[in-house]
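Here the structure comes first, spelled out in structure tokens, and everything after it is commentary.
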Amino acid sequence: MIKKLRQNPDLLFGTIFTGILLLIVLVGLIHTPYPTTQMSAADKFAAPGLMHIFGCDQYGRDIFSRVMEGLGSTFVIALFTVLIGSVSGVLIGSLCGYFGGLLDDALMRVNDVLFSFPSILLALVIVSLLGTGSVNVTLALGIAFVPSFARIVRSEVKKQAALDYVQSARLMGASHFRIIFVHILPNILPVLASSVMIGFNNAVLAEAGLSYLGIGVQPPRASLGRMLSEAQSFLFTAPWYAIFPGLTIVLLVLGFALLAEGMTEGGRDAS
Amino acid sequence: MLLTLLAVGFVVFAAFEIIPGDAAVSRLGSNATAESVAALRTEMGLDRPFFVRFFSWLFGCLHGDFGTSYSYGMPVAGMIVEKLPITLCMSLISMLLCIGVSVPVALFAAKHAGSRTDRGLRSANQLVMAVPAFFLGILLSWLFGMVLKWFTPGGYVSYKKDFGAFLAYLILPSVAVALPKCAMSVKLLRSAILAEADKEYVRTAYSRGLSTMEVLYRHVLKNAMIPLVTFWGMAVADMIAGSIVVEQVFNIPGLGRILLNSIAKRDYPVVEAVILLIALVVLLMNLLVDTLYRLLDPRLKEEQG
């Protein structure tokens, strides 16, 4: 295992970055150095130091504690986004790919348009229909991510459905339902796994963008995107206020991208 | 394509129809009397049946009339036409930057594949891809605006007043939008070039005595561009979306500002028009990509004919 990590720096750094951030999220669930909404006039714009490693914001709130909380929300929202997107995408994609026909044509035509529509814009529109808030943003992002999953799954299922083993399973009397979920799906799992990881990153970026625009997690709860948009007014006095939440997003996305890259590479070596 | 646009229009119109909340009520405030709400509904044409309104809206759109903004009372078309050049200019500059930078960088990386520079570039690429465009925008405006003082953050100049200054102000936001996409296309193009370089025609070209440069530019690059065209076609839509967010960072009153304001104010005619417009751009891009495909890959032309 360790040897494998050594040969694969992507996997190594990906694991380290993701591990550290995951640890921060988990610790943040039970304990933050300071209460996330505790204001203190004396600490207003305190520079990063021993007391506050990331410094303080305009209300004297500890930025590190707020980053911990914000990272947690980002994590949860991205996770559920990918979950909603992939589960619905797999359902729609596998049905369309397996059965084909008129429904497939119609759904895929709509899907193509939605797919080429940027997901953050799609989510923005859905949020405008549903209203703001973290649950609605998760729902909106989840829906916005369905087309890309449906597209990938459909083309994979279509490829698999033409293979002989599907024919034999059919001859043995397996139902369509069984063939799709028991025989075909396990075979497309590797493709699905890598698109889930890419999807997670896109979800993180989209969530950060939406909360930067003020849609999404609502104050007083901390969110990385909103911290960035607030920090922008104080760039001159407190650049660290913008830099730390921003770097956290970068690290999260980078770690996951490296992890995904390393895993595909590892898989390629193994086979 | 027209059919798809029609479908998009219908879905958008219907979606804003089924959500709770009455535009007339939200315009008058919650303590308006029932009579005044009813009067306004008649004035806004909200009391007509759904399909009648849909078709009248549709016909309006075909004539370039997208209705009247609820909150500003101005024709939507005018509002958008005024802001469109800003966002389009930004997306165009980003696109040019993206293509202009990524092609040479990818060629360089592919030529030196496996070397230390190549690996360094790859790491830098991974890093850039992880940076959200709006954070990049904040960093750029901090670096150039406050540390180096090369430009004034928030000092946007209207394109009507001074086109040169307008373009100059757009450069940083465009870089912020373009860089992550640029990193992605370097990655794609590099691997596409390397995949092509393994093929037999490359060896044939070398054996005919062509130099590396000639092989690379005349043969490999052309074939390696094919997957990139798809990517760039899709990137255009992403860049428009990216501009909408980055516009907020740099305080540019473009399409993004209108879209966000009207979403906040539930000004649906404006939201519908902006979405329809972006859908149109997306579809036009798809068409362009298809056409470019035929030009780059003659095999497709034969299949069609």
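Taking segment A:135-154 as the range and being more than 14 Å from chain B (Cβ to nearest Cβ) and surrounded by fewer than 19 Cβ atoms within 10 Å (Cβ to Cβ) as the test, only A:Val135 passes.
Listed conditions (1) touching a Lys or Arg at 6+ places or on another chain (Cβ under 9 Å); (2) modelled with pLDDT of 85 or more; (3) open to solvent by 30 Å² or more (accessible area, probe 1.4 Å) are all met by B:Met239, apart from (3). Within segment B:135-150, residues that are more than 11 Å from A:Leu235 (Cβ to Cβ) and more than 9 Å from chain A (Cβ to nearest Cβ) have Cβ atoms under 9 Å from residues that are charged (D, E, K, R) and open to solvent by less than 50 Å² (accessible area, probe 1.4 Å) in no pair, counting only partners at least 6 apart in sequence or on another chain. Among all residues of segment A:247-256, there is none that is more than 11 Å from chain B (Cβ to nearest Cβ) and open to solvent by less than 30 Å² (accessible area, probe 1.4 Å).
Is it fair to say B:Ile171 is within 10 Å of another protein chain (Cβ to nearest Cβ) and part of a helix (DSSP H, G or I)? Here the answer is no, as B:Ile171 does not meet what is asked.
Looking only at segment A:122-134, decide whether some residue is among the hydroxyl-bearing types (Ser, Thr, Tyr), surrounded by 23 or more Cβ atoms within 10 Å (Cβ to Cβ) and within 30 Å of A:Arg226 (Cβ to Cβ). The answer is yes, given that some residue of segment A:122-134 is among the hydroxyl-bearing types (Ser, Thr, Tyr), surrounded by 23 or more Cβ atoms within 10 Å (Cβ to Cβ) and within 30 Å of A:Arg226 (Cβ to Cβ).
Checking each residue of segment B:209-231 against the condition of being within 14 Å of another protein chain (Cβ to nearest Cβ), within 23 Å of the chain's Cα centre (by Cα) and among the polar types (S, T, N, Q) gives at least one match.
With respect to the conditions (1) more than 14 Å from chain B (Cβ to nearest Cβ); (2) surrounded by fewer than 24 Cβ atoms within 10 Å (Cβ to Cβ), A:Met197 falls short on a single one, namely (1).
Across segment A:105-121, not a single residue is classified as open to solvent by less than 60 Å² (accessible area, probe 1.4 Å), away from chain B (no Cβ under 11 Å) and charged (D, E, K, R). Among the conditions (1) within 24 Å of A:Gly55 (Cα to Cα); (2) in contact (Cβ under 8 Å) with a residue 40 or more places away in the chain; (3) facing another protein chain (nearest Cβ under 9 Å), the only one that A:Ala242 does not satisfy is (2).
For the residues B:Gly164, B:Gly120, B:Gly114, the requirement of being open to solvent by 20 Å² or more (accessible area, probe 1.4 Å), more than 14 Å from chain A (Cβ to nearest Cβ) and outside any loop (DSSP other than H, G, I, E, B) singles out B:Gly164. Going through (1) open to solvent by 10 Å² or more (accessible area, probe 1.4 Å); (2) in a loop (DSSP other than H, G, I, E, B); (3) under 18 Å from A:Thr81 (Cβ atoms) one by one, A:Pro219 falls short only on (3). Based on what the data block shows, is B:Phe108 aromatic (Phe, Trp, Tyr) and open to solvent by less than 60 Å² (accessible area, probe 1.4 Å)? The answer is no for B:Phe108. Restricting attention to segment B:151-161, the residues that are within 12 Å of another protein chain (Cβ to nearest Cβ) and either open to solvent by 50 Å² or more (accessible area, probe 1.4 Å) or farther than 18 Å from A:Ala231 by Cα (or both) total 1. Selection of first residues in segment B:165-177 that are in contact (Cβ under 8 Å) with a residue 40 or more places away in the chain and of second residues that are outside any helix (DSSP H, G or I) and open to solvent by less than 10 Å² (accessible area, probe 1.4 Å), restricted to Cβ pairs under 9 Å at least 6 apart or on distinct chains, gives the following pairs, ordered by first then second residue: B:Tyr169/B:Phe250; B:Tyr169/B:Ile252; B:Leu170/B:Phe250; B:Leu170/B:Ile252; B:Leu172/B:Phe250; B:Pro173/B:Phe250; B:Pro173/B:Ile252; B:Ala176/B:Phe250. Scanning segment B:242-251 for residues that are at the interface with chain A (Cβ under 9 Å from one of its Cβ atoms) and open to solvent by 20 Å² or more (accessible area, probe 1.4 Å) turns up just one, B:Gln248.
Scanning for something facing another protein chain (nearest Cβ under 8 Å), more than 28 Å from B:Ala168 (Cα to Cα) and either part of a helix (DSSP H, G or I) or open to solvent by less than 40 Å² (accessible area, probe 1.4 Å) (or both), does segment B:252-264 turn up at least one residue? It would help to see each step written out before you state the result.
If we filter segment B:252-264 for residues that are facing another protein chain (nearest Cβ under 8 Å), which is where we start, we get B:259-260, B:263.
Filter once more, so that each one left must be more than 28 Å from B:Ala168 (Cα to Cα): B:263.
Cutting the leftovers down to either part of a helix (DSSP H, G or I) or open to solvent by less than 40 Å² (accessible area, probe 1.4 Å) (or both) gives us B:263.
Checked segment B:252-264: at least one residue is facing another protein chain (nearest Cβ under 8 Å), more than 28 Å from B:Ala168 (Cα to Cα) and either part of a helix (DSSP H, G or I) or open to solvent by less than 40 Å² (accessible area, probe 1.4 Å) (or both).
The values are calculated or read from the model by the stated rules, or taken from the named source; none is laboratory data. What you see is a predicted model; the values in this text were computed from it and never measured. Reconstructed Cβ throughout: ideal geometry from the backbone, glycine too, with neighbour counts over all protein chains shown. The protein model used for the area step is the full one, side chains on, heavy atoms only, and it has no ligands, DNA or RNA in it. Shrake-Rupley method; radii C 1.70, N 1.55, O 1.52, S 1.80 Å.
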